[in-house]
Ligand code: SF4
Ligand code: FES
């Protein structure tokens, strides 16, 4: 196996964090003291990613800030998330040079009128380059989106 192309997955049963070693530029954004999430990302420990160390919301927020696209995520079974666990208040956050994060329980209606329920955190593309619109797929890193 080519050691430079390791892809690892870590899950808390709700969200799965995907880490692609060859994309990591060691910016330390995920684990440095000022802005990282040390309870989840800590390269001095094994495994270096511990998804049980923070809430799903916090994990997604930090994964979306990875500048290289080495970190990405997917929700395991969105339909399994119990209604009572869902926050009713929505919060919208703009990630610098990245997606728009919407926290909370929302319904996304596409142009054909199909409705999808989204829970916890939804990342919407702001750069226009995603292949999975309206959602972010990490393409903002490749296209060098600034904004
Ligand atoms: S934020 Fe991304 S690029 Fe930076 S160290 Fe973590 S995984 Fe690597
Ligand atoms: S903002 Fe992430 S793909 Fe466009």
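Each value in this text was obtained by applying a stated rule to the coordinates, not by laboratory testing. On a predicted model such as this, the values are computed, not experimentally measured, just so you know. Here the Cβ is made from the backbone with ideal geometry for all residues, glycine too, and neighbour counts use every protein chain on show.
Compute the distance from the alpha-carbon center of the stretch 34-53 to that of the stretch 100-145, in whole Å.
With the stretch 34-53 and the stretch 100-145 each reduced to a Cα centre, they are spaced 26 Å.
Could you work out the relative contact order of the chain? I mean the mean sequence separation of Cα pairs under 8 Å and 6+ apart, divided by the number of residues, in percent. Numbers along the way, then the final one.
Details: 257 pairs, mean separation 26.6, N = 147.
This gives 18 percent for the chain.
So how long is each side of the stretch 1-72 along the principal axes, counting just the alpha-carbon atoms, biggest first, in Å?
Reported extents, whole Å, longest axis first: 33, 27, 22.
Go ahead and estimate [θ] at 222 nm for the chain from helices alone: -39,500 (n - 2.57) per DSSP H run with n ≥ 4, summed, over the residue count, rounded to 500.
The helix-only estimate for the chain comes to -2000 deg cm²/dmol at 222 nm.
Work out how much length residue 58 to residue 97 would gain on full extension: take 0.36 nm times their residue separation and subtract the Cα-Cα distance, in nm to one decimal. Write out the running numbers ahead of the final one.
On the way: separation 39, 0.36 × 39 = 14.04 nm, distance 1.82 nm.
Contour length minus Cα-Cα distance gives 12.2 nm.
Report the Stokes-Einstein translational diffusion coefficient (µm² s⁻¹, integer) for the stretch 3-142, Rh taken as the Kirkwood radius over Cα pairs, at 25 °C with viscosity 0.890 mPa s.
Values: Rh = 15.7 Å.
After rounding, the answer is 156 µm²/s.
At a 10 Å Cβ-Cβ cut-off, how would you order 100, 71, fewest neighbours first?
On the way: 100 16, 71 23.
Neighbour counts put them in this order, fewest first: 100, 71.
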